[in-house]
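The values are calculated or read from the model by the stated rules, or taken from the named source; none is laboratory data. Here the structure is a predicted model, which is why all the values come from computation and not from measurement. Cβ placement follows ideal geometry from the backbone for every residue including glycine, while neighbour counts extend to all protein chains displayed.
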Amino acid sequence: MENKDDEVKKAQVVEARARNISHNVRCTECGSQSIEDSQADIAILLRKLIRDEIRSGKSDKEIYKKLEEDYGETVLYAPKFDLQTAALWLSPLLVAGAAAGIWAYNKHRQNTNVHIMALNLVRGVPLTPKEKETMLDLLTPPPPQGVTPSSLWSRWRGQ
């Protein structure tokens, strides 16, 4: 009885490992499905191959390596990080860095322009209409937001 239980447990472990590996391997025929979800002939053969490799005692890494050697790196859903895939992995960081750099440059340029306009004012150099508008925008406080006591008083008196 105990021997039969061990065999059942071993079969369950093999099946769980095989499903885990199969979910991470792309079907070479379908392309958009894992071999676990695909019913293509190649997917069925790959699932059988994975189970045979597990039964022969190979580790998950060895199985992934064999599949990658036989079918190429595209068969794996998670490509490894190396020199060829570095641009793919780092491109979101590069785009975010470039956007932050452009934003910082524009902010610095805007502040520098304000300082130059202030120096020109002190020196007596007349401002252009656009510079006057910019200075007024910077120097005038924004209108109050929300509910103020005076707006409440006005509403109460209006009723």
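Residue count for region 126-149, restricted to those that are at pLDDT below 65 and among the polar types (S, T, N, Q): 1.
Of the residues making up region 58-74, those that are charged (D, E, K, R) and farther than 15 Å from Leu45 by Cα are Lys58, Asp60, Lys61, Glu62, Lys65, Glu68, Glu69, Glu73.
Test each condition in (1) farther than 30 Å from Lys10 by Cα; (2) modelled with pLDDT of 80 or more; (3) surrounded by 10 or more Cβ atoms within 10 Å (Cβ to Cβ) for Arg123 and report the one that comes out false. Here Arg123 clears every test but (3).
Every condition in (1) in a helix (DSSP H, G or I); (2) under 26 Å from the mean Cα position of the chain (by Cα) holds for Leu121 except the one numbered (2).
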